[in-house]
Amino acid sequence: MSTRFLQREHPSEHRTRRTPNDTKRKMPSSKTYSKSDPAKHMSSTLLDLCQVHTNHTVEFRESATTTTLSHFAVDLRLVATAIMGAIGSMIPNIDPKTTIAVDALRCELRLYDFQLTALNGVPNHVRLGWWKQRRIYPLLSSLWQYWWGRIPFWKVVPLAVIPATTFSGFYRCRDVHTVFVFFNVYNPDDCRQFTQTLESLGVRSRPDLQAFTASHTAEEVEQWLGYFATMVRTPEEWRRLRPDVTAAPIRISQIQTGLRIDLATLGSLPLSGLKVVDFSKVVAGPYCGRLLSDLGADVLQVRNPNGVHVPMVDTYASTGKRSTFLDLTVDHDRDAARKLLAVADVVITSFPLLEQANRLGIGPDSMSERRPFIHLNVSAYPSDSRWAGRKGYAPMAAAASGLFYTAVGPEGLKAATTSTDATLWPCDGYPEDYFTGLLGCAAILAALHQRSQHGGSYLVETSLAAGCEWVATQSISVPTPLTAQQITSNFQDFEHCAKQLQRSSPTPWTGGSLSTIPSPISIPGFATLGLYTSVPVLGSSPPTFVPPFHGENDSQTTS
């Protein structure tokens, strides 16, 4: 793979300090991206891990720069760009002479894809803010839109769980370690279990929890609170849970022999004709499916109609896909799932243990007669770690694996214990989910290469913690503390960049529109990568695949 960075000049766009008289915020100016060698090295390292070598040329474009994530010791933008470059290098059905462009700004913005995705012009993070702050007028306006069929949800979370959200964050322990307390606020069952656990310990307020953690060691707090508490470990302390220092963020294993299958281009996009069944939930697994959808794959999201549903998250997770409901405990629906698996190229699940997928009949060992396939499972913690099978979410994995510690250092963690923020990243961001989704997508493309060259079926494994561990190795500098006002201002610039780049597509709801960050990858000779199915009504599709998308070929590289 050859890699080079291009600079696109925007002489009329200069970063300005906002004044009370400003009515518009300008796009931050572009500048020379000086990290071409690290990005090239990271992309090449990932390609080596995937055992894929291509002759494609990848150009990393820097349309603009932001400072939203620049004060951390880990260059999140650089890592996201490098992984996307590796993905671009492995896209099949592309002439080796073709130059693939990767936009670094879009890579960074997509680390906040859930927060920045907007329905009817309102970003998700704004809707969440309304609910947390209990702002009556916008909530009533949302209720009106829901009533008239303009948005698919109204309740973000039940009001009863709002008080429990005040507990999330960082706490100092007796042994001077920091412990991170977190739970899935969108899951009512999780909220009830969390509050019941606290009540059993006599904890009814944040000060109560601060007093409790101050009188116990971090490991004791982990034992008392279960998976809701995670000690913020250094990379060296994480090694006690995952001793293998050579462990990779992804693992690709051939699990069955079989025919070689070349992925022929059946439409106007590189992955047109690829059939993907996405059983995953929350963000990391679904984002991997979204990336495949951007490249033209037919991705069918499958959810349990009787499972836990969080409309805002579920709607986001279905972006770019079709959606169907199947209850895998019912024979009829299980038969429908088997028919999907029999012809699917890729299956995505997100179970703590792969055995859970097999028990439901959707694992890699569930069927003997099926098309050679790739099965990706995304877990919270690696299967080769002592926490294999432990439940967890993105920031928990960042706390356990050393990413939080590496990103802000001891002083940053000390400051976090005086804050009520639920994570270290600005605007309640969870970039860990997106890194894991990116790595999963790269591994799937690598497995597709293996299937075309050697035949057979492949198991791909990655985890939130393994992704965080790999990202934490990309430390570049000492973290730079910022004030809350600076962070807010930086995020406003960040959101302004997103609004200028976002593309809108119609939704199934009355007069509705969905605004999303377009794919960071552009390929001459193929249709512009983007959403061709927008966002579906959940459960509205039959459990079958559809013919590949055929659109107008776009010979121009998108800006």
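Computed from the coordinates by the stated procedures, all read-outs in this text should not be read as laboratory data. All figures in this text were calculated on a predicted structure; none of them were measured in a lab. Here Cβ is always computed from backbone atoms with ideal geometry, including for glycine, and neighbour counts include all displayed protein chains.
When each of the peptides 381-393, 85-97, 482-494 is scored by the mean number of other C-beta atoms lying within 10 Å of its residues, the order from highest to lowest reads 85-97, 381-393, 482-494. For segment 407-539, the calculated P(r), taken from all Cα-Cα distances in 5 Å bins from zero up to the bin holding the longest distance, is 2, 7, 10, 13, 16, 17, 14, 10, 7, 3, 1, 0 percent. In the P(r) worked out for segment 305-364, what percent of Cα pairs fall beyond 20 Å? Percent of Cα pairs beyond 20 Å in segment 305-364: 32. The alpha carbon convex hull volume per residue for segment 218-291 rounds to 189 Å³. Among the listed pairs Lys321/Lys391; Lys132/Lys275; Lys40/Lys281, those with a Cα-Cα distance over 29 Å are Lys132/Lys275; Lys40/Lys281. With both labels modelled 7 Å from their Cα along Cα-to-Cβ, the Glu236 to Val546 distance reads 5.5 nm.
Among 459-469, 175-185, 328-338, how do they line up by average Cβ neighbours within 10 Å per residue, starting with the highest?
Ranked from most to least packed, the peptides come out as 459-469, 175-185, 328-338.
Roughly how many Å is it from the Cα centre of segment 73-119 to that of segment 414-437, as a whole number? Cα centroid to Cα centroid, the span is 21 Å. The three principal axes of the C-alpha atoms in segment 356-404 carry coordinate ranges of 44, 18, 17 Å, sorted with the longest axis first. Taking a straight line from the alpha carbon of Lys414, these aspartates and glutamates sit under 20 Å away, with near neighbours fewer than eight places off in the same chain left out: Asp175, Asp208, Glu219, Glu220, Glu222, Glu236, Glu237, Asp428. As a calculated quantity, the FRET efficiency between Arg338 and Thr165 at R0 = 45 Å, using C-beta atoms, amounts to about 0.65.
On the principal axes of its alpha carbon atoms, segment 407-479 extends 55, 23, 15 Å, with the longest extent given first. Panel note: the C-alpha atoms of segment 308-460, placed on their principal axes, show extents of 56, 37, 31 Å (largest first).
Assuming 0.692 mPa s and 37 °C, estimate D for segment 253-324 with Stokes-Einstein, Rh taken as the Kirkwood radius over Cα pairs, in µm²/s. Stokes-Einstein gives a translational diffusion coefficient of 245 µm²/s. Separation of segment 346-411 from segment 220-246 is 16 Å, based on Cα centroids.
In terms of the mean number of neighbouring beta-carbon atoms within 10 Å, the peptides 186-196, 289-299 order highest first as 289-299, 186-196.
Taking the Cα atoms of segment 223-344, the ratio Rg/Rh between the radius of gyration and the Kirkwood radius comes to 1.06.
Extension gain for Leu353 to Lys391 (0.36 nm times residue separation, less C-alpha to C-alpha distance): 12.7 nm.
Taking 0.36 nm per residue of separation and subtracting the Cα-Cα distance, full extension of the segment from His53 to Ser368 would add 110.3 nm.
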